[in-house]
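Quick notes on the structure that follows.
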Amino acid sequence: MAKLFLLRHFKSEWNLENRFSGWTDMPISQDGKKDVSKKAREIFQVRIDEVFTSPLFRNIDTVARILEAGNQKYPIFISRDGGKTQKWGDYFEGPRNFMPVYVTKNLNERHYGKLEGLNKKKTIVKYGEEKVHLWRRSYNISPPGGGESLKDVYKRVIPFYKKYIEKDLKKGRNVLVVASHNSLRALIKHIEKISNKDIINVEVDYGALLKYEFNKSGLPKNKFFAKPR
């Protein structure tokens with residue numbers, strides 16, 4: 001059955017500085033590059049048919065480094081946002097010598113509003129640990145200044161997942177998704193049927209890799225976070 005790999009991008013410069021990143025672009029840090037080869041070996045034990053990621057550079061950079069470390073096909077980045085839906089055949093004919101990497105802003109990290117760029121520890125001192133934790137991890141509560149709640153992120157991530165990724169999994173394709181913390185948390189919530197209340201406890205570390213296998217009904221055979229029922 002098809003396999004879905006979820007990979008959080010490697011540690012960026014702002015992650016290293018413990019700052020809220022959100023939609024702000026920055027490269028992968030030197031510290032974040034250490035585990036690239038190890039993760040590539042874990043992923044490419046099986047054939048990957050396609051990759052999905054966001055336009056944030058830390059995600060694009062992670063994709064490029066993973067493919068290079070795994071001696072994979074050269075990536076061709078194809079937008080999945082707006083206008084006509086592009087397909088592989090719109091670009092190339094004949095044998096596929098490249099890896100299609102579909103890029104969508106729907107997989108972006110949450111927008112952190114006025115918290116973007118701020119140091120996390122200093123923000124906790126200013127607003128209190130409980131309030132900051134709710135802004136970062138709860139389902140319904142948004143960061144101040146126009147930030148997105150996880151619910152907002154879920155509303156853009158999951159329709160995209162159902163339209164493209166889920167359909168490809170049902171066709172037996174193996175898919176790699178490289179994205180940010182909260183877009184991955186939204187996917188995990190959907191796949192593992194985690195409640196609005198319990199999602200606050202789900203954390204995915206930098207460079208963490210989750211591998212899901214699906215049965216013929218499209219249900220995950222394994223779970224990482226959901227409580228047994």
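Bear in mind that the values in this text are calculations on the coordinates, not laboratory data. Because the structure is predicted, anything quoted here is derived from the model rather than measured. When we count neighbours, we look across all protein chains shown, and the Cβ atoms used for this are built from the backbone with ideal geometry, even at glycine.
When the test is whether a residue is among the charged types (D, E, K, R), under 19 Å from the mean Cα position of the chain (by Cα) and surrounded by fewer than 17 Cβ atoms within 10 Å (Cβ to Cβ), LYS34 does not pass it.
With ASN140, ASN182 as the choices, which residue is of a type outside the set (Gly, Ala, Ser) and over 16 Å from the mean Cα position of the chain (by Cα)? Among ASN140, ASN182, only ASN140 is of a type outside the set (Gly, Ala, Ser) and over 16 Å from the mean Cα position of the chain (by Cα). Would you check if there is a residue in the range 162-176 being within 29 Å of LYS121 (Cβ to Cβ) and of a type outside the set (Phe, Trp, Tyr)? Within the range 162-176 (the criterion being within 29 Å of LYS121 (Cβ to Cβ) and of a type outside the set (Phe, Trp, Tyr)), the answer is no, since none of the residues qualifies.
Can you spot a residue in the range 213-225 that is within 24 Å of LYS34 (Cβ to Cβ) and either more than 17 Å from the chain's Cα centre (by Cα) or surrounded by 21 or more Cβ atoms within 10 Å (Cβ to Cβ) (or both)? The answer is no; no qualifying residue exists.
Listed by position, the helices (runs of 4 or more DSSP H) inside the range 118-229 whose residues that are of a type in the set (Val, Ile, Thr) number at least 3 are 120-127, 150-160.
Listed here are the residues, each with its yes/no results for (1) assigned to a strand (DSSP E or B); (2) farther than 25 Å from GLU148 by Cα; (3) of a type outside the set (Val, Ile, Thr); (4) in contact with a Leu (Cβ under 7 Å, 6 or more places away or on another chain).
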| residue | (1), (2), (3), (4) |
| --- | --- |
| SER37 | no, yes, yes, no |
| ILE60 | no, no, no, no |
| PRO75 | yes, yes, yes, yes |
| ILE78 | yes, yes, no, no |
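When you look at VAL177, is it surrounded by 21 or more Cβ atoms within 10 Å (Cβ to Cβ), of a type outside the set (Asp, Glu), in contact (Cβ under 8 Å) with a residue 24 or more places away in the chain and under 13 Å from LYS3 (Cα atoms), yes or no? Taking the combined requirement at face value, the residue satisfies it.
Could you please find all residues in the range 180-190 being free of Cβ contacts under 8 Å to residues at least 60 places away in the same chain, touching a Lys or Arg at 6+ places or on another chain (Cβ under 9 Å) and either of a type in the set (D, E, K, R) or surrounded by fewer than 24 Cβ atoms within 10 Å (Cβ to Cβ) (or both)? Hits for the range 180-190 are ARG185, HIS190.
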